[in-house]
């Protein structure tokens, strides 16, 4: 009897464990919610959103041409002026500095990814005067100056807010900045002398470089492109070497519509040194978020 019972028991187990050929297989996880930790995810960057932004920008820079009759005579005589007109692309990037003399006009030829830029002469675009390497904020980190003989290589460093803080020529540090409250407080000459600056409460709305290091291998005109860092957020009224009693002072005129600077006059030791004029305007540019 026990033997017969055992046979029936084995048969029952086999019937439970084996399915007929036509029986549907039911997935026990069919209706189970997916576990996010077990689901592979593909990260996709959202498509950039294009918007517009209004900026007050300089449309022209008019530099005084001065003559100092004697080597140590700071009483400059203004004998003329040179004008450069700024041309921008739809995103506010400088494309050209146009001069009435095409031989003096600069064309900014960017690569497609905006990681570098050749500065050409409009009259002969085969002449590359400067070769710029740019970071993701469109600031120049390296400049090869082909106008020098032999060519010079300058490198530039910036803080997180886009202010230039160091410039080096052929690997040698030539100048360093200290930024305070968004303004250039000092810049150094050869690591020893310091020039200090003072500011008033007026906003520098058109990003004019009234204070900048003269030892960074750049002219004022090239600072005004914005490719070499931000200017001070306020308007500079005084600049003085720490080891000298004489100082430079500045006076300004402003555009009533935008409050941008239209005229800047510099005096040194109380005497006229130079002046520059600007044309400013409010323009609408594209922006990408």
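The values are calculated or read from the model by the stated rules, or taken from the named source; none is laboratory data. Note that this is a predicted model, so its numbers are computed, not measured. We place every Cβ from the backbone using ideal geometry, glycine too, and count neighbours over all the protein chains shown.
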For this session: Search the stretch 30-77 for residues being in contact with a strand residue (DSSP E or B) (Cβ under 6 Å, 6 or more places away or on another chain) and part of a loop (DSSP other than H, G, I, E, B), and hand back the single one that is modelled with the lowest pLDDT.
Result: 74
Problem set entry | Within the stretch 260-289, tally of residues that are over 30 Å from residue 47 (Cα atoms) and surrounded by 15 or more Cβ atoms within 10 Å (Cβ to Cβ) | 18
Exercise. Looking at the stretch 112-139, which of the residues that are in a strand (DSSP E or B) and touching a helix residue (DSSP H, G or I) at 6+ places or on another chain (Cβ under 9 Å) is farthest from residue 216 (Cα to Cα)?
Worked result: 124
Exercise. Do you know which of the residues in the stretch 245-257 that are surrounded by fewer than 16 Cβ atoms within 10 Å (Cβ to Cβ) and touching a strand residue (DSSP E or B) at 6+ places or on another chain (Cβ under 6 Å) is nearest to residue 207 (Cα to Cα)?
Worked result: 253
Exercise. Going by the conditions given, is residue 251 under 24 Å from residue 180 (Cα atoms), at pLDDT 95 or above and part of a strand (DSSP E or B)?
Worked result: yes
For this session: Return a yes/no flag: does the stretch 160-172 have any residue that is more than 20 Å from residue 225 (Cα to Cα), in contact (Cβ under 8 Å) with a residue 40 or more places away in the chain and surrounded by fewer than 20 Cβ atoms within 10 Å (Cβ to Cβ).
Result: yes
Problem set entry | Residue within the stretch 170-188 that is farther than 20 Å from residue 209 by Cβ, modelled with pLDDT of 95 or more and in contact with a strand residue (DSSP E or B) (Cβ under 6 Å, 6 or more places away or on another chain) present | yes
For this session: Restricting attention to the stretch 184-242, report how many residues are farther than 28 Å from residue 172 by Cα, more than 18 Å from the chain's Cα centre (by Cα) and in a loop (DSSP other than H, G, I, E, B).
Result: 0
Problem set entry | The one condition in (1) surrounded by 14 or more Cβ atoms within 10 Å (Cβ to Cβ); (2) more than 24 Å from the chain's Cα centre (by Cα); (3) not in a strand (DSSP E or B) that residue 100 fails to fulfil | (1)
Exercise. What residue, of 212, 199, 177, 223, is in contact with a helix residue (DSSP H, G or I) (Cβ under 9 Å, 6 or more places away or on another chain) and either surrounded by fewer than 17 Cβ atoms within 10 Å (Cβ to Cβ) or within 30 Å of residue 73 (Cα to Cα) (or both)?
Worked result: 212
Seminar exercise, completed: Over the stretch 258-269, the set of residues under 17 Å from residue 282 (Cα atoms) and at pLDDT below 95 is none
